[in-house]
Each structure stands twice: as structure tokens, then as C-alpha cells.
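Colleague: This is the structure I want to talk about, given as C-alpha cells.
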Ligand SMILES: *Cc1c(COP(=O)(O)O)cnc(C)c1O
């Protein structure tokens, strides 16, 4: 009953018949689980790319900055970093994706930290500073070149400088007084191929040793390597999925490991019927007669979300659960704005579409399996059109109220 009240309150707050609920208390407890597995002096870089894996990057980052002492965030593109700055995030923001020279003005203007993957970009970074610094300071004050992270490729091949190029990159940084936030590498497969991961770590530590001994911080671990105890005690770890409580390696197989570790999904989704209809045998419902009734009196609840909200059409073989626990099948086509559920009673009108446990009926892992993809892809696709509500200290807020609440409590 309490849950029903909360969910009804959610529809009113969201002013829509469906919403995503992000439990910030769960995010904090997931971070505590992570902290138990890393070094005492290891800093956490919160990975908030892909709209914080669908959780809403501005709210998540502001919250983590204020309530979890996070001082460094990571995004995928300059534009994602701009969104954080415009949302009021003050902390360091690293761009993990490989940036092009086209993005340099944006990166500089918003004090973002690019990760260097080649000498060419670094030269442009320095050059842009020397050109731009002049006009903005009338040539009187020499401003510092913006901070960078230097990536080292140890096998991923898609990002980072080669180990051979690293000395030249570091020399250029030194010569132009470019502050190096840290040196990083990224693992190819830290879930199944742990030997490869250890080899990558070894090559990385060897390559960065001359700079590390002079005090440049180093970082390599993502969620999986932290939970496998690899590179979890360097200067920073970068964590995404564990913080959100999603399966560790983004597959169904790791659900049990996540649960046993004490993680829980922070994200869940609810929807209520916007229309209920009873049909006769032979009548069909939805595009292309997606479902045809076998009997008189079959009853359906129309839910007003669809693939424009990020739900794959593969969801047509999925299930939702009523708050009382009844499992109802999705039937017919998932269209842009509509999903249809077959119900056994007209009183079944409020549904949990995605659960905040690892239950096999309607978890993100089950949705991922239906869509033949990973859990991360499934949640990142949840579109910005879906309202997001935040649960904190047992109370639910929309982002505006949530933000002002955070800063007045
Ligand atoms: C996305 C990303 C991460 C976060 O990985 P999780 O598995 O979600 O913890 C870490 N490092 C880099 C370079 C990334 O691109």
C-alpha cells in the first residue's frame, strides 16, 4: 500500500503516466560497496557518460559532488561535459572518449579535461592555448594550459597513446607546462580474460613508472577489474555500472555476483494504464493486428510509452508486474508511444516495468536478454523523454525540487 501511494505520487510529480525512479540512497550504498574494495587513498572517478547510464547526469553528479564527496567525473564527449557545467557541476570533468581538434574550443571554454590519445591533439591543445590565451588576456597575463589526462594504449587500441609515443607526449607536456591530471589505461576484458588484464596492467605500470615516481597519479580500473581485485589500489578507479548497481560486466551471467557483492540497481520504472479495453474473440489490438483475441473478454491495459522512450521492439515478448505481484505479458507491437499489456482484471492498472532488484521477470538484465544486448545498452537507451524522479532519504523529488532540496538541507 505504501508502495502504491509512492508510485501514485510519482505520476503526479512527473505529470505523466510513467516515470523512472532513481534511488539516490542506493547509489550511496553501492559506492560504499565499491569503497570496501579499493585502496584507502584511491579516489573514485564517477563515470556519468550516457546521461549517467540513463540515470540523469546532472542530478547524479550534483548529488555525488555534494553528498558523496566525489571530486572527479568522467563523460564520453565534450557535449556531455558542457551539460554538467551548465547544470552547475564544479568538480573535475574528464572526457574519456577520444576528442577531436574540433572540440578544443568547447573543452577549453568549459574547463573540461581531455584524455590525450595522440601527439597531434596535444600539439593542437597547446597551440590553441597560446593563440587564445593572448586575446583573452591582452597579452599581459600568461594563463596556464588546461589540464589533461594522458591515455596509454596497452591493448585496447581505440584510445590512448602508444607506449612508444608516451615519452614524447610527456616531454611536450613538461615543455609547455601542461598539468597532467593522471596517466590512464583501459582494460580490454576484465571479466573473463584476467590474464590479459594483468598483462595490460603490468605493461602500463612499467611505461608510466618514470612519471609515477615524480608524483603523477595513475589509474586503470573500471568496475570489473575493481571487483576482480586488479588495479583497485592505484590513485583512482573509474566506476560506472557498480555505482548504478547494474550487473558487473553488463551481462546476465554477472547478476549473481552483483547481488552477492551487496549491490542493488538504483533505477526502476513504473507506469499506469492510460486506457483499459475489453475485446471479443477475433478482434485485434495495435499496429498490424499485433495481437488477436482467442476468447471474448480478453482485457488490455494501454501504457503510454514506447520505442521513443527507449524501449526496444523486442520488449513485445517481455512482462511487467503489478504492484500486487501479478505478472502480465506485453502483447502486440511496441510502437513509438504505446505498449500494450494483457491483464486478467480491470483493476490491474499500475505496473512496475523495470524492477529495482535483480528479479528475472522485469529486471534490466531480462530486458537486455529480450533485446539481445547488454544491460548497459538497455538502460542508456532510456530516452530523455521519460521523466526521472529521485528518491532521497525516503522522499521523492523531480530534479528541480531535488536540487534545491539538496542545497538547503
Ligand atoms: C565507461 C568507462 C568506464 C566505466 O566502466 P564501468 O564498467 O561502467 O565501470 C571506465 N573507463 C573508461 C575508459 C570508460 O570508457
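The values are calculated or read from the model by the stated rules, or taken from the named source; none is laboratory data. A quick note: this is a predicted structure, and the numbers were derived from the prediction, not measured. Cβ coordinates were reconstructed from backbone atoms using ideal geometry, including for glycine residues, and neighbour counts include every protein chain displayed.
Colleague: If a residue has to be over 21 Å from residue 97 (Cβ atoms) and in contact with a strand residue (DSSP E or B) (Cβ under 7 Å, 6 or more places away or on another chain) to count, how many in the range 227-250 make the cut?
Modeller: Residues that pass the stated criteria total 2.
Each row is one residue, and each column tells you yes or no for (1) more than 16 Å from the ligand (Cβ to nearest atom); (2) over 15 Å from the mean Cα position of the chain (by Cα); (3) free of Cβ contacts under 8 Å to residues at least 24 places away in the same chain; (4) farther than 20 Å from residue 147 by Cβ.
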position: 53; (1), (2), (3), (4): no, no, no, yes
position: 73; (1), (2), (3), (4): no, no, no, no
position: 80; (1), (2), (3), (4): no, no, no, no
position: 90; (1), (2), (3), (4): yes, yes, no, no
position: 93; (1), (2), (3), (4): no, no, yes, no
position: 98; (1), (2), (3), (4): no, yes, no, no
position: 103; (1), (2), (3), (4): yes, yes, no, no
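Colleague: Would you check if residue 69 is in contact (Cβ under 8 Å) with a residue 24 or more places away in the chain and either surrounded by fewer than 22 Cβ atoms within 10 Å (Cβ to Cβ) or within 16 Å of the ligand (Cβ to nearest atom) (or both)?
Modeller: no
Colleague: Quick one: residue 233 ticks every box in (1) surrounded by 17 or more Cβ atoms within 10 Å (Cβ to Cβ); (2) within 29 Å of residue 157 (Cα to Cα); (3) more than 16 Å from the ligand (Cβ to nearest atom) except a single one, so which number is it?
Modeller: Condition not satisfied by residue 233: (1).
Colleague: Using the structure shown, decide if residue 217 is under 14 Å from residue 166 (Cβ atoms) and modelled with pLDDT of 95 or more.
Modeller: No; evaluated as a whole, the condition is false for this residue.
Colleague: With the requirement that a residue be free of Cβ contacts under 8 Å to residues at least 40 places away in the same chain, touching a helix residue (DSSP H, G or I) at 6+ places or on another chain (Cβ under 7 Å) and not in a loop (DSSP other than H, G, I, E, B), what does the range 163-196 give you?
Modeller: Passing the criteria: 180, 183.
Colleague: When you scan the range 398-405, do you find a residue that is surrounded by fewer than 20 Cβ atoms within 10 Å (Cβ to Cβ) and under 25 Å from residue 256 (Cα atoms), even just one? Full working, then the answer.
Modeller: As a first pass, look at the range 398-405 and keep what is surrounded by fewer than 20 Cβ atoms within 10 Å (Cβ to Cβ): 398-401, 403-405.
Checking which are under 25 Å from residue 256 (Cα atoms) leaves us with none.
No.
Colleague: Pairs under 8 Å by beta carbon, first residue on the phi > 0 side of the Ramachandran plot in the range 237-254, partner within 8 Å of the ligand (Cβ to nearest atom), six or more apart or different chains?
Modeller: Correct list of pairs: 250/241; 250/376.
Colleague: Just need a number here: residues in the range 369-389 that are crowded, with 22+ Cβ neighbours inside 10 Å and within 15 Å of the chain's Cα centre (by Cα). Working first, answer last.
Modeller: Within the range 369-389, the first condition is being crowded, with 22+ Cβ neighbours inside 10 Å, and the residues that meet it are 375, 378-379, 382, 388-389.
Among the residues that remain, those that are also within 15 Å of the chain's Cα centre (by Cα) are: 375, 378-379, 382, 388.
Residues that pass the stated criteria total 5.
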